[in-house]
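As structure tokens, the structure follows; a few thoughts come after it.
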Amino acid sequence: NIGAGRFLPARLSLPALREAALSCEGCDLYRNATQTVFGAGMTHATYMLVGEQPGDQEDRQGEPFVGPAGRILDKGLAEAGINRESVYVTNAVKHFKFELRGKRRIHQKPSAAEIDACQPWLEAEMRLVDPAVTVILGATAARALLGPGFRVTRERGRPFPRREGAFYVATIHPSAILRAPDQDAAYEGFLEDLRAAAALSP
Ligand code: URA
Ligand code: SF4
């Protein structure tokens with residue numbers, strides 16, 4: 001893992017980043033994935049949502065959160081009163097990591113080294129979008145943004161200052177709702193955290 005740093009463009013803008021990320025070889029994940037899935041949304045979005053990594057659908061379509069997890073996310077945003085137009089969505093890791101089982105591609109968690117390798121893209125997106133509210137979706141995004149000591153289960157729903165007037169709020173990953181024994185309860189908790197995030201917007 002040489003890291004994404006050396007693939008960043010000299011002059012930072014979201015279009016330049018997106019373009020440069022297409023040819024990133026900062027870790028081995030680019031080898032088996034279909035394409036880089038970069039963040040999407042307006043440059044000065046109020047909210048930045050950070051997931052883990054693209055899934056099967058995202059890998060095929062080249063856009064973040066367009067599969068099953070994206071449908072739950074969209075539902076939660078709508079119910080929390082967060083306008084999809086005011087949101088920039090991205091992932092901590094920009095390539096899909098999977099294991100082949102027959103013809104099926106099974107999602108695998110990115111390693112700490114892969115999260116660290118991809119971090120320069122996320123950091124550059126954060127700097128350019130500079131959102132008022134950054135919603136951390138699960139442990140991988142938490143590690144990328146706040147380091148390995150942060151515990152989503154303990155700290156979820158609470159604001160953490162990022163700079164004057166800007167905050168992080170962590171919640172579970174929408175995919176975790178799909179795997180939860182009680183999906184309704186998991187979704188309600190997720191929604192409560194999104195409402196806490198919405199309350200922080202200027
Ligand atoms: N899960 C994620 O974390 N990100 C996506 O884009 C899709 C599923
Ligand atoms: Fe580069 Fe990130 Fe893809 Fe690794 S996962 S190749 S660091 S864009």
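The values are calculated or read from the model by the stated rules, or taken from the named source; none is laboratory data. Predicted model only: the values in this text are computed from it and were never measured. Glycine gets a Cβ as well: all are built from the backbone with ideal geometry, and neighbour counts include every protein chain shown. Ligands, DNA and RNA are excluded from the accessible area calculation, which covers all protein heavy atoms including side chains. Shrake-Rupley method; radii C 1.70, N 1.55, O 1.52, S 1.80 Å.
Per-structure values
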item: Dipole-positive endmost among 128, 100, 87 within the stretch 5-198 (Cβ charges, Cα centre); result: 100
item: Prolate/oblate/rounded label for the chain (Cα gyration tensor, a/c 1.5); result: oblate
item: Portion, in percent, of the accessible area of the stretch 5-198 that falls on carbon or sulfur, probe 1.4 Å; result: 50
item: Fraction of beta bridges assigned by DSSP in the chain that are antiparallel (%, nearest 5); result: 40
item: Positive minus negative residues near residue 171 (Lys, Arg vs Asp, Glu; Cβ under 11 Å); result: 0
item: Separation of alpha-carbon centers, the stretch 108-177 and the stretch 1-40, rounded to whole Å; result: 19
item: Net charge of Cβ neighbours under 14 Å - reference residue 9; Lys, Arg +1; Asp, Glu -1; result: +1
item: Additional length obtainable on full extension of the chain from residue 43 to residue 112, 0.36 nm per residue less Cα span; result: 22.0 nm
item: Distance (nanometres) between label positions extended 7 Å along Cα→Cβ at residue 192 and residue 100; result: 4.4
item: Span-rule helices in the chain, defined as complete DSSP H runs reaching 24 Å or more along the axis (Cα) with Kyte mean at least 0.0; result: 112-129
item: Linear extension gain, residue 60 paired with residue 123, 0.36 nm per residue minus alpha-carbon span; result: 20.2 nm
item: The chain - accessible surface per residue (Å², probe 1.4 Å); result: 49
item: Label zone at residue 155, where the point sits 7 Å out along the Cα-to-Cβ direction: the stretch 26-68 residues whose backbone N lies under 19 Å; result: 48-53
